[in-house]
Amino acid sequence: MTGNQSENNIAKLTGCIDSIPVFSHEVYGEGFYVFIVRTRRLSNSSDLIPVTVSDRLVDIKELQKGRFVSLEGQFRSYNSVLGEGQVKLTLTLFVQDITFPVSIPETDVDTVEMNGFICKPPVYRTTPFNREISDFLLAVNRSYNKSDYLPCICWGRNARFCGKRKVGDHVKVIGRMQSRAYQKKMPDGTISERTAYEVSVSKIELIEDKNETEQSVSDNLAQEAARAVSGVN
């Protein structure tokens, strides 16, 4: 669907480690750990980004809470089974390179560049203050015939542009990873505090594909996305 898959999804992040690494899973003897990095926005607020790293890439003991870290990798998704048929779409920065800068810069880095396909119809709306917003789900290829399904949000002119897009459209997206707290009302009436993760889009570009059948791409993506995010909370 796209060219060099390693270039479909490029993420860079700097910030302070905000939680102690916790063992996640093991693949062929390689252990993976998850932790949170707090990265500062220009507005002085912060995003709390989930991170996954291999114990072959770094000594896990070096990942001390409060330590400044610089990361490069890919923003990925996977489904976590919660039980009773419920599935949660989980997002994480999958680390491919990690360093520990000695000095802390005045501003943090938080960038993501993705090349993929819109796989659910974009939702365009306006706020009570007439600010334009569009949400969409982007399917991004990676190796071994896998794909990541990444929620994205646009504002203003980008939102208007995105609202006109359709399933199967090939786009290039530039933005940043962000966290957003929200409340969800549970079946028993209680309120659950939750955090959503998404790509806040600063630039979006439509890519014309001359060698692909548009309807086939659209149908396949819609089916893949439905399977990938079915039952997601």
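A short reminder: the numbers here are calculations on the coordinates, not readings from a lab. Predicted model only: the values in this text are computed from it and were never measured. Using ideal geometry, Cβ is built from the backbone for each residue, glycine included, and neighbour counts are taken over all protein chains shown.
Mean-square fluctuations from a GNM of the chain, with a 10 angstrom spring cutoff on Cα atoms, peak among THR90, THR39, THR107 at THR107.
Packing, as the average of other Cβ atoms within 10 Å across residues, places the peptides 108-114, 120-126 in the order 108-114, 120-126, highest first.
Here, the chain yields an orientationally averaged convex hull projection of 14.8 nm² when only Cα atoms define the hull. Label sites at LYS184 and ARG142, each approximated as a point 7 angstrom past Cα along Cα to Cβ, lie 2.2 nm apart. Between VAL199, VAL58, VAL140, the GNM of the chain built on Cα springs shorter than 10 angstrom shows VAL58 fluctuating the most.
Helical runs assigned H by DSSP (4 residues or longer) give the chain a calculated mean residue ellipticity at 222 nm of -3000 deg cm²/dmol, each run adding -39500 (n - 2.57) before division by the residue total. Short-range pairs are left out: with C-alpha atoms under 8 Å and at least six residues apart, the relative contact order of the chain is 19 percent. Among 183-194, 63-74, the peptide with the highest mean count of other Cβ atoms within 10 Å heads the list, and the full ranking is 63-74, 183-194. Taking the chain as a Gaussian network of alpha-carbon nodes connected by springs under 10 Å, the highest mean-square fluctuation of the residues SER202, SER77, SER143 belongs to SER143.
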